[in-house]
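Novice: If you scroll down you'll find the structure; I have some questions about it.
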Number of protein chains: 2
Amino acid sequence: MVNETQPTCSASSSSKSEGGSSSGSEGSKESSRCSTPVLDAERHERLRDRMRRRQDSGDKWFSLEFFPPRTANAAVNLISRFDRMGAGGPLFIDVTWHPAGDPGSDKETSSMIIANTAVNYCGLETILHMTCCNQTKEDITGHLQKAKRLGLKNIMALRGDPSGEEWEEEVGGFNYAVDLVKHIRSEFDDYFDICVAGYPTGHPEAESYEADLRHLKEKVFAGADFIITQLFFRSETFLKFMKDCQAIGITCPIIPGIFPIQGYHSLRQLVKLSKLEVPQEIKDVIEPIKDNDAAIRNYGVELAVSMCRELLDSGMVHGLHFYTLNREVATTEVLKRLGIWKEDPRRPLPWAVSAHPKRRVEDVRPIFWASRPKSYIYRTQEWDDFPNGRWGNSSSPAFGELKDYYLFYLKSKSPREELLKMWGEELTSEESVFEVFTCYITGEPNKNGHKVTCMPWNDDPLATETNLLKEQLEKVNRRGILTINSQPNINGKPSTDPIVGWGPSGGYVFQKAYLEFFTSSEIVTALLKVLKKYELRVNYHIVNVKGQNITNAPDLQPNAVTWGIFPGREIIQPTVVDPVSFLSWKDEAFALWIEQWAKLYEEESPSRMIIQYIHDNYYLVNLVDNDFPLENCLWQVVDDTFELLN
Amino acid sequence: MVNETQPTCSASSSSKSEGGSSSGSEGSKESSRCSTPVLDAERHERLRDRMRRRQDSGDKWFSLEFFPPRTANAAVNLISRFDRMGAGGPLFIDVTWHPAGDPGSDKETSSMIIANTAVNYCGLETILHMTCCNQTKEDITGHLQKAKRLGLKNIMALRGDPSGEEWEEEVGGFNYAVDLVKHIRSEFDDYFDICVAGYPTGHPEAESYEADLRHLKEKVFAGADFIITQLFFRSETFLKFMKDCQAIGITCPIIPGIFPIQGYHSLRQLVKLSKLEVPQEIKDVIEPIKDNDAAIRNYGVELAVSMCRELLDSGMVHGLHFYTLNREVATTEVLKRLGIWKEDPRRPLPWAVSAHPKRRVEDVRPIFWASRPKSYIYRTQEWDDFPNGRWGNSSSPAFGELKDYYLFYLKSKSPREELLKMWGEELTSEESVFEVFTCYITGEPNKNGHKVTCMPWNDDPLATETNLLKEQLEKVNRRGILTINSQPNINGKPSTDPIVGWGPSGGYVFQKAYLEFFTSSEIVTALLKVLKKYELRVNYHIVNVKGQNITNAPDLQPNAVTWGIFPGREIIQPTVVDPVSFLSWKDEAFALWIEQWAKLYEEESPSRMIIQYIHDNYYLVNLVDNDFPLENCLWQVVDDTFELLN
């Protein structure tokens, strides 16, 4: 089919011309086109539109439900789980609302803060649950305003459980979910996407199944955008429910809630809470194996897979919503067996994007925070404008204060004892620090037999890409070039490359080689002599904690070190070496020596003094090899430096 | 030497840190860095700073003086001369002020409009002369305001010749150049760079050489930035003058005015006007050969070359100013022999930049106007903001009205008779039009023996780059694919490549293959079928004069088709295929059929009706092959189309 586009651009001199139908143009209402190169159309859409797009294109999708954790440690673990399960490509996740747990507060474990983290730091489209009974209008509005401020765009509007034994209507208060839906629409217009709950077998408190359907219709007509259902045990239950909904005029998407049985006790508890009947044939299987968790889980997975297949095969279901109970294994297994877990999720950009609406245009970041993306998001959370397309548009980026960066999930995930095992109970010299860096790179155990799986500057094990450079990295770390960030040069690999690819298919990605390390002033002196031979080819920035700054970068301009060329697009340059923000990164990078490493040891102890000495005297160096089509010369630069020193 | 930079960025958290001297940083005062990737530092500097930079770096430079022409035809020729002589790399040109010729008016031949054209359309840094005697303050201020509005940044402040026989001082008026210098500084602060005239042998009306030096010092101390001298015949004259200036405290640059003798009469006239003495040794050579123009010019070139060499060898002179008398040959010859004519001027961008201050940040243009850059500048002259870095930043570019574009120097340089010889006295069919296009491509004479050296869409002969595609272009034009713009794909050639290179050295340039042509609706129908096979790889826009618009471009986004990667910079993407501005270009491209071609013939004549038919029925097509590392597939697309038609 020929795509006859009539641009909506009112300024173009031919906008008034006749001819051609007006389909296919996706220009926004504000302007004739997006102001930023759109790499991933979904990134700019609200949830209900994404859902429609997936439905229209026939793509099956899934979503995941989590509840807020009880402790800060559990929160750190849950956020790691968000990152891992986010990799499978859920359309959204949702976070339940626990009225007893101060859900709208700033506590690390509140529903609000967990949802905020999912959106901003994990880049997940997120629905925040909210219940309304026993709450004042002011409370509810306050929660919604806060959610909006944090970048949340979707609310699951629920009644919640009344606090007393008997349910009593409160005059003028929020008695039903529909009251909350109306309130959101009247106070926040169309800002939020609203989800409501559906009960395939009728709400336990409803007069009848039919009455419950009418309540559901009320909620939809009050402004809800889609429905997620309570769990159920047979696909027929859902399909009948869906037909009944359609019959009374409910046309919005209805998403089945899937509960993979994961254990005897959790099933019993859930059934009790939801007042559901477990079918006899399921009970018959489970009762005999109730003490065998693995067997129950395997059965639960089988059951869920076959029910999901029936739902998808019906042609009426496009997405599946999973009640995960904050566990990974069973849900992931079901999704993988259904073939809707993304094994190789395409990265829209080389770094993990944030789902905050104001960051949807963000398409460039300094390379320095590559291993600490959450810190970068945190330190730039107050920015109004995100540099899109070009870093230079943002003059003088002001980074959040360093004192704020001890955000709980930026702390190391490992406890002190484990860190001491990895990084040394006792340091005897600078060389024992070199040893730690070397073990991190090689993956081999240190002299006490412990593997070094994280470093203050890298919360996670080495990136796959870094493996490409392993041999050279090992050699230089052993000699006191303490690397914390690097990338190889890439001269036009397909954008679908499993290791270095990103962006839509049909494109090509490129990189300039990059190396960042701490090192002593003796090595810096030799390095600077060597770098004279590489003028023009190699750009460098060399700083110490006191702010001494040695560079050959022209005019404080950023150097694009990762870029991609795509069909029908402008060039995307998502990673830069930026001289100005390097100084903010420098403060953070040096502080990590003290905050995460030195403080493991007693004050005045020799170990602590060694780290303090490095902090006070070493330099942080970054090098870019501009000649990306040739072999990376940075290893030669380092070799030349060592040679000069010998 | 180590370049210790202390960034001026006040927002950076470490700007307050101590250590390191503060040299090397080039950040502007307004912001911590340039907001656009600086490819050519000079482009952002004012003239006096460029002069200093050249002096500091030891680069010799030259400048060229022209006078405004008498007729519109002469103006068209002069502007072509600007383009040709501009290619040699003058630091600036200057345009004299002729009080008798209504110099501040909007006439095509006025000093003001010629200077405007040099700056805006030829991209030349330009000094506009201005005289002040016999003029009111209001007149002068009006001229200066107009000059500022047009983007002129430099004024040569002169007294001018009094209108009467005897010179009489006017109380409170402008009596001397110094009055004009003071006026400019008081009314326009530091906006203009001001140049004043110096007289190596003293002004003819001055009481004495010494008194004249004192007047010069007054002009400099009133705010002049540099001095250009009257012509002289011996290098000693200038060098003595320069030392005398320095002795009384004149420290600004003093640029010698060089007059290559080009003919007996022009010399006599100039000498009479300037009241100079021609040295006897020169008279002795010239008198005997006064009727032999070539001999005099050769002698003049010799004389100028040897005098210039003496000046440059003195070490006191860094730049030479040439009185060209609007002629090319002698001055170019002198410059080439001195080795300061740039044989291979490096292009800062793939298109000719404009020198208007507001266009200094311009670094992207649509490819459509590649052969009509002056039209593009004209149609965008009202823009306040120039899209820098990314076309997308400029939402809905509004192009100047088409009715305005008959700017005199956008008309064809060839007279009607010549055009008829090239494009056909009489057209008999669409095929005779194909023939004209084919001859333009091949460079071979048409059937009447005339070469086709220009087309309505291309004022100049084929670009060198297009020669790379000649064979294929010939083949397709012969069959009715009437090409008007194309570029080959380039996968990372050095930025110094003599044909496709641009930007600073050490970089790499890239292109996507591009082809733009008019063709019949039969061919378009077949083409669209063929293009389905090339979805994703090939982007197309197909429009007709009525505005029908067929495209597969996503979201009206521009497609970058020329880009460059440079050391220490962001990526520069100076040429895009932009769906929105293509519709403005389409109107212009179709109008040229009528305005420049059809109107050569009588109304109702068969020839005119053939062109009119093409205008009304053909489509304008552009194709981009996104897969730049592979062999250009656009020829295959066209071949497939012809095959389908057979």
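Novice: On a straight-distance basis, which lysines could pair with A:Lys447 in a cross-link, Cα separation under 25 angstrom, same-chain partners fewer than 8 positions away excluded?
Specialist: The reachable lysines, counting only those whose Cα sits under 25 Å from A:Lys447, are A:Lys413, A:Lys421, A:Lys470, A:Lys475, A:Lys599.
Novice: Looking at the protein assembly as shown only, what percent of DSSP beta bridges run antiparallel? Nearest 5 please. Kindly include the intermediate steps, with their values, before the conclusion.
Specialist: On the way: 72 of 136 bridges.
Roughly 55 percent of the DSSP beta bridges within the protein assembly as shown come out antiparallel.
Novice: Please enumerate, by chain and number, the aspartates and glutamates with C-alpha under 13 Å from the C-alpha of B:Lys336, excluding those fewer than 8 residues away in the same chain.
Specialist: Excluding near neighbours in sequence, the set is B:Glu302, B:Glu328, B:Asp344.
Novice: Would you give the gap between the C-alpha center of the range A:252-295 and the C-alpha center of the range A:538-583, rounded to a whole Å?
Specialist: The range A:252-295 and the range A:538-583 have Cα centres separated by 54 Å.
Novice: Also, I was wondering about something else. So which GluC sites (Glu not before Pro) in the range A:199-252 end up in coil per DSSP with only 11 or fewer other C-beta atoms within 10 Å? Present the calculation step by step, with values, prior to reporting the outcome.
Specialist: Working: sites: A:Glu205, A:Glu207, A:Glu210, A:Glu218, A:Glu236; in loops: A:Glu205, A:Glu207.
For GluC sites (Glu not before Pro) across the range A:199-252 that sit outside H, G, I, E and B with at most 11 neighbouring Cβ atoms in 10 Å, the list reads A:Glu205, A:Glu207.
Novice: Right, something else. Using just the alpha carbons, could you tell me how many Å³ per residue the convex hull of the range A:365-645 encloses?
Specialist: Numbers: hull volume 38.1 nm³, N = 281.
So the per-residue Cα hull volume is 136 Å³.
Novice: Tell me what chain A gives for mean residue ellipticity at 222 nm when only DSSP H runs of n ≥ 4 count, each as -39,500 (n - 2.57), the sum divided by the residue total, rounded to 500 deg cm²/dmol. Walk me through the numbers before you get to the answer.
Specialist: Numbers: 20 runs with 227 residues, N = 646.
Calculated from helices alone, the mean residue ellipticity at 222 nm is -10500 deg cm²/dmol.
Novice: Which pairs, out of A:Lys153/A:Lys358; A:Lys342/A:Lys451; B:Lys374/B:Lys586; B:Lys182/B:Lys219; A:Lys60/A:Lys153; B:Lys146/B:Lys182, put more than 20 Å between their alpha-carbon atoms?
Specialist: The pairs that break the limit, which is 20 Å between Cα atoms, are A:Lys342/A:Lys451; A:Lys60/A:Lys153.
Novice: Right, something else. Under 13 Å from the Cβ of B:Cys633, count the other residues' Cβ atoms, weight Lys and Arg +1, Asp and Glu -1, and hand me the total. Could the numbers behind the result be given before it?
Specialist: Numbers: positive: B:Lys512, B:Lys533, B:Arg537; negative: B:Glu535, B:Asp625, B:Asp627, B:Glu631, B:Asp639, B:Asp640.
Cβ neighbours under 13 Å give a net charge of -3.
Novice: Testing the spin-label approximation: label points 7 Å from Cα along Cα→Cβ at B:Lys137 and B:Lys421. State their distance in nm.
Specialist: 5.9
Novice: Note the angle between two axes, namely the Cα long axis of helix A:430-442 and the longest principal axis of the Cα atoms of chain A, as a number of degrees from 0 to 90, rounded to the nearest 10.
Specialist: 50
Novice: Per residue, what accessible area does the range A:365-645 have, given a 1.4 Å probe and all protein chains present, in Å²? Write down the numbers at each step before the final one.
Specialist: Working: 10210 Å² over 281 residues.
Ligands and nucleic acids excluded, the result is 36 Å² per residue.
Novice: Oh, and also: Convert each backbone phi in the range A:517-530 into a coupling constant with the Karplus relation 6.51 cos²θ - 1.76 cosθ + 1.60 (shift: θ = phi - 60°), then list the ³J(HN,Hα) values in order as whole Hz, x for Gly and Pro.
Specialist: Computed from phi, the couplings for the range A:517-530 are 7, 8, 7, 6, 5, 4, 5, 4, 4, 5, 4, 5, 5, 5 Hz.
Novice: Here's another thing I want to ask about it. Residue separation times 0.36 nm, minus the C-alpha to C-alpha distance between A:Lys529 and A:Asp497: what's the value? Don't jump to the answer; show the numbers that get you there.
Specialist: On the way: separation 32, 0.36 × 32 = 11.52 nm, distance 3.78 nm.
Here the segment from A:Lys529 to A:Asp497 would lengthen by 7.7 nm.
Novice: Where a Cα-Cα gap under 16 Å defines reach, which lysines qualify for A:Lys272, not counting those fewer than 8 residues away within the same chain?
Specialist: A:Lys283
Novice: Could you give the semi-axes, largest first, of the ellipsoid that matches chain A, computed as the square roots of 5 times the alpha carbon gyration tensor eigenvalues and rounded to whole Å?
Specialist: On the way: eigenvalues 469, 194, 108 Å².
Equivalent-ellipsoid dimensions as semi-axes: 48, 31, 23 Å.
Novice: Now, a different point. Counting DSSP beta bridges with both partners in the range A:365-645, what percentage is antiparallel, nearest 5? The partial results should precede the final answer.
Specialist: Numbers: 35 of 37 bridges.
Beta bridges within the range A:365-645, antiparallel portion: roughly 95 percent.
Novice: Among B:Leu528, A:Leu231, B:Gln135, flag the residue with its Cα farthest along the positive direction of the charge dipole of the protein assembly as shown, charges on Cβ as +1 for Lys/Arg and -1 for Asp/Glu.
Specialist: Sorting the options by dipole projection puts first B:Leu528.
Novice: While we're looking at this one, here's another question. May I ask for the Rg/Rh ratio of the range A:412-524, computed from Cα atoms with Rh as the Kirkwood radius, given to two decimals?
Specialist: Numbers: Rg = 16.3 Å, Rh = 15.5 Å.
Over the Cα atoms of the range A:412-524, Rg/Rh equals 1.05.
Novice: Rounded to the nearest percent, how much of the accessible area of the range B:365-645 (1.4 Å probe, protein heavy atoms only) is carbon and sulfur?
Specialist: Numbers: 4870 of 10190 Å².
Solvent-exposed carbon and sulfur of the range B:365-645 make up 48 percent of the total.
Novice: Mean separation of Cα pairs under 8 Å and 6+ residues apart, divided by the residue count of the range A:53-180: what relative contact order is that in percent?
Specialist: Working: 192 pairs, mean separation 26.9, N = 128.
Relative contact order, the range A:53-180: 21 percent.
Novice: Starting at 0 and stepping by 10 Å, how many percent of the alpha carbon pairs of the protein assembly as shown end up in each bin?
Specialist: Percent of Cα pairs in each bin: 1, 8, 14, 16, 16, 16, 13, 8, 5, 2, 1, 0, 0.
Novice: Another question about this same structure. Of the listed peptides A:273-282, A:112-121, B:85-94, what is their order by residue-averaged count of other C-beta atoms within 10 Å, with the highest listed first? Intermediate values should be presented prior to the final figure.
Specialist: On the way: A:273-282: 12.7, A:112-121: 24.4, B:85-94: 21.0.
Per-residue Cβ counts within 10 Å, averaged per peptide and sorted highest first, yield A:112-121, B:85-94, A:273-282.
Novice: Would you mind working out the magnitude of the charge dipole of chain A relative to its Cα centre, with +1 at each Lys and Arg C-beta and -1 at each Asp and Glu C-beta, to the nearest 20 Debye? Walk me through the numbers on the way to the answer.
Specialist: Details: 72 positive and 91 negative charges, 194 e Å.
In debye, rounded to 20, chain A gives about 940.
Novice: Moving to a separate point now. Counting only C-alpha contacts under 8 Å and six or more residues apart, can you give the relative contact order of the range B:144-291 as a whole percent?
Specialist: Numbers: 149 pairs, mean separation 28.2, N = 148.
Reported relative contact order: 19 percent.
Novice: Something else: Roughly how many whole Å is it from the C-alpha centroid of the range A:422-448 to that of the range B:123-138?
Specialist: After rounding, the separation between the Cα centres reads 74 Å.
Novice: Here's another thing I want to ask about it. Evaluate peptide B:486-493: per residue, the Cβ atoms of other protein chains within 10 Å of its Cβ; return the mean as an integer.
Specialist: Mean shielding count: 1.
Novice: Give me the net charge for the shell around A:Gln246: Cβ to Cβ below 13 angstrom, other residues only, Lys and Arg +1, Asp and Glu -1. Walk me through the intermediate numbers first.
Specialist: Values: positive: A:Lys217, A:Lys240, A:Lys243; negative: A:Asp244.
Neighbourhood net charge equals +2.
Novice: Scan the range A:479-553 for trypsin sites (Lys or Arg not before Pro) in coil per DSSP, keeping those whose Cβ has at most 15 other Cβ atoms within 10 Å, and list them by number. Please report the intermediate quantities before stating the final value.
Specialist: Values: sites: A:Arg479, A:Lys512, A:Lys529, A:Lys532, A:Lys533, A:Arg537, A:Lys546; in loops: A:Arg479, A:Lys512, A:Lys533, A:Arg537, A:Lys546.
Passing sites in the range A:479-553 are A:Lys533, A:Lys546.
Novice: Among DSSP beta bridges whose residues both lie in chain B, state the antiparallel percentage, nearest 5.
Specialist: On the way: 35 of 67 bridges.
Beta bridges within chain B, antiparallel portion: roughly 50 percent.
Novice: To continue, here is another question. Take every Cα pair under 8 Å in chain B that's 6+ residues apart, average their separations, divide by the length, and report that relative contact order as a whole percent.
Specialist: On the way: 1069 pairs, mean separation 71.6, N = 646.
Contact order relative to length: 11 percent.
The values are calculated or read from the model by the stated rules, or taken from the named source; none is laboratory data. For clarity, every value in this text was computed on a predicted model and none was experimentally measured. For neighbour counting, all protein chains shown are included, and Cβ atoms are generated from backbone atoms with ideal geometry for every residue, glycine included. Just the protein is used for accessible areas: all its heavy atoms, side chains included, with ligands, DNA and RNA removed. Shrake-Rupley method; radii C 1.70, N 1.55, O 1.52, S 1.80 Å.
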